[in-house]
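Worksheet: the structure to be examined is printed underneath.
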Amino acid sequence: MKSKYEKFSYVYKVMNYDFPYNLWLDIINKYNKNTSILDVGCGTGEILNRLVADKRVGIDNSATMIEIAESNAPNCEFYVQDMKYFELDESFDLIIATADVLNYVSNINELKTALLSVSNHMNENSVFIFDMHSEFKILNEFDGEIYMDDTPEITYIWEVSNGVEELSVIHDITYFIKDEDNKYDKYQETHYQQGFKHQTVVELLDELGFDVISTFSDFDPDNDVLDVCERNFFIIKLK
């Protein structure tokens, strides 16, 4: 069975031409010892390719994403693995999960499983950096929103709505890809994300044996976690 992200992965890079990679890199590089990095949910490898380290490894559950990542970042290692159950026979000094990767779970138990998989690849000096959609964003900025963009190769319409479960999000994406005859093929994807209250995540991290080094909002380490914000960041280590 092909991953539901298979076709989506081909257009991912085009759709993210204006993605603010530098904002994530500014945060990550403060904790990068240039030794070993694991990127969980690495997608097409864009962020990992911009980082400097002796060893750079990325995992993603989409074989097509990994294929593109291998082309984008030939000096990195990539593996097709599910973030909830991944197994690599080593630990990493820095682990990252950027761009709300950890919201791609169905419930709190799946989030717990993913975090435990990360902890299995940490050592006593490791740092794990991840970010998630804020409660405010899910409740106030997602429901009923429509995003559209048009490039020479791809046109897409991205509709976002709240799901049945509390703080869940449904992404319905329709995109049109130009073929060699200048005709457009239509594709559709539906993605699910689950949000969590900030305090719920903090309590879960404590339960699982993590210490929170820092948590803040919207790319600003000097910000406390704000009630009105779009994205919450967590920088953690093992207790």
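We did not get these values from a lab; they are worked out from the coordinates using the rules stated. Values in this document were obtained by computation on a predicted structure and should not be read as measured data. Quick reminder, even Gly has a Cβ in these numbers, built from the backbone with ideal geometry, and neighbours come from all protein chains shown.
For the chain, what relative contact order do you get, as a whole percent, if you take Cα pairs closer than 8 Å and at least 6 residues apart? Dividing the mean separation by the residue count of the chain yields 16 percent. Around the Cα centre of the chain, unit charges on the Cβ atoms of Lys, Arg, Asp and Glu (plus for the first two, minus for the last two) sum to a dipole of about 480 debye. Using only side-chain charges placed at the Cβ, +1 for Lys and Arg and -1 for Asp and Glu, the dipole size of segment 136-194 relative to its Cα centre rounds to 40 debye. Taken along its three principal axes, the alpha carbon spread of segment 136-194 comes to 45, 16, 13 Å, from the longest extent down to the shortest.
Take the eigenvalues of the Cα gyration tensor for segment 148-233, scale each by 5, and report the square roots as semi-axes in whole Å, largest first.
Numbers: eigenvalues 275, 52, 27 Å².
Computed over segment 148-233, the values are 37, 16, 12 Å.
Extending 7 Å from the Cα toward the beta-carbon at both ASN162 and HIS191 defines two label points whose distance is 2.2 nm. By the Stokes-Einstein formula, at 1.002 mPa s and 20 °C, segment 15-107 with its Kirkwood radius over alpha-carbon pairs has D equal to 160 µm²/s. The separation of segment 143-210 from segment 41-84, counted between C-alpha centres, amounts to 21 Å. Across segment 67-165, counting alpha-carbon atoms alone, Rg and Dmax equal 17.0, 48 Å. Annotation: extensible slack from TYR21 through ASN75 equals 17.5 nm (criterion: 0.36 nm per residue apart, minus Cα-Cα distance).
Rank LYS55, LYS84, LYS183 by mean-square fluctuation in a GNM of the chain with C-alpha springs under 10 angstrom and give only the top-ranked residue. Maximum among the listed residues: LYS183. Here the Gaussian network model covers the chain, with springs between Cα atoms less than 10 Å apart; of ASP172, ASP54, ASP218, ASP54 fluctuates the most. Every helix of 4 or more DSSP H residues in the chain counts as -39500 (n - 2.57), and over all residues that averages to -6500 deg cm²/dmol at 222 nm.
Rounded, prolate or oblate: pick one for the chain, where a ≥ b ≥ c are the square roots of the eigenvalues of its C-alpha gyration tensor, a/c under 1.5 means rounded, and failing that, prolate if a/b is larger than b/c, else oblate. Don't jump to the answer; show the numbers that get you there.
Numbers: a/c = 1.73, a/b = 1.26, b/c = 1.38.
In terms of gyration-tensor shape, oblate.
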